Amino acid sequence: MGTQKLIQKESGTIAYQLREIKDFGRGASEENPAVAVTVVGGRTVTSDELAKEIAASCTIKEADVAGVLKALSQRVRDTLLDGNRVELGEIGTFSVTLTCGNKHRADKVASRDIKVRRIAFAPSKELTHAMRGATMRSAGPVRTKQLTLEEAEERLATHFATHTELYRSEVESICECTRYRATQFIEAFIKAGKLQVAGRKNGRHYVAMAGSFGK
């Protein structure tokens, strides 16, 4: 894909769509339904596409940019594996958080019990400021469709095809729903034996059970 084809909307503008959701939590009602807002038209930009864009904006060859991006990926991985943090200028900082499972006593925890829970990312002040100043553009009228449990399961199966864990906020984005509805989906899948709780409190997330979501 050429550089000109990569951006199909006005640069610096985020397209959004509104959905009225009939999940009457947090003060919503039949007459005053909850409204969820989601990004539409967004997609994953690959490193190859980034290399083309960067090369087009400077004098460095595309192959050289691609090589630097690959080397950067490897160095970030190796640095995190050493237990260090990685600060990428005005992008932000990557770090690793750990978990010891459901252990309750420190003297019962062995090295084999310690696992990487997730790779955390903290955006820089510059990036955060830039995103807060983003221009928004409506992509269409208010939608009223609410996903069924089966439709939500299909979307989450796509997520689990490339991820091992799932956070509630990700359910909100993937299923284009409110926090209340996302919690309903999660609880239904846990009850059906398709999801299992992992982590605690602010680090709570979910993993797919064997035989569920394409696993």
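The values are calculated or read from the model by the stated rules, or taken from the named source; none is laboratory data. On a predicted model such as this, the values are computed, not experimentally measured, just so you know. Quick reminder, even Gly has a Cβ in these numbers, built from the backbone with ideal geometry, and neighbours come from all protein chains shown.
Quick notes
- Residue satisfying condition, being of a type in the set (Val, Ile, Thr), out of contact with any Pro (no Cβ under 7 Å at 6 or more places or on another chain), at negative phi and at pLDDT below 90, within set 93, 128, 178: 178
- In segment 171-195, the residues that are more than 13 Å from residue 213 (Cβ to Cβ) reach residues that are surrounded by 16 or more Cβ atoms within 10 Å (Cβ to Cβ) and of a type in the set (S, T, N, Q) with C-beta atoms within less than 6 angstrom, at least six apart or across chains, in these pairs: 176/38.
- Criterion (within 20 Å of the chain's Cα centre (by Cα), surrounded by 13 or more Cβ atoms within 10 Å (Cβ to Cβ) and of a type in the set (A, V, I, L, M)) met by exactly one of 72, 88: 88
- Contacts under 9 angstrom Cβ, first residue in segment 64-77 being over 18 Å from residue 119 (Cβ atoms), partner exposed (fewer than 12 other Cβ atoms within 10 Å of the Cβ) and of a type in the set (Ser, Thr, Tyr), 6 or more apart: none
- Yes/no for residue 139 being touching a Cys at 6+ places or on another chain (Cβ under 8 Å), more than 30 Å from residue 78 (Cβ to Cβ) and either surrounded by 14 or more Cβ atoms within 10 Å (Cβ to Cβ) or without any contact (Cβ under 8 Å) to a residue 40 or more places away in the chain (or both): no
- Restricting 101, 83 to those that are free of Cβ contacts under 8 Å to residues at least 60 places away in the same chain and in contact with a helix residue (DSSP H, G or I) (Cβ under 9 Å, 6 or more places away or on another chain) reduces the list to 101.
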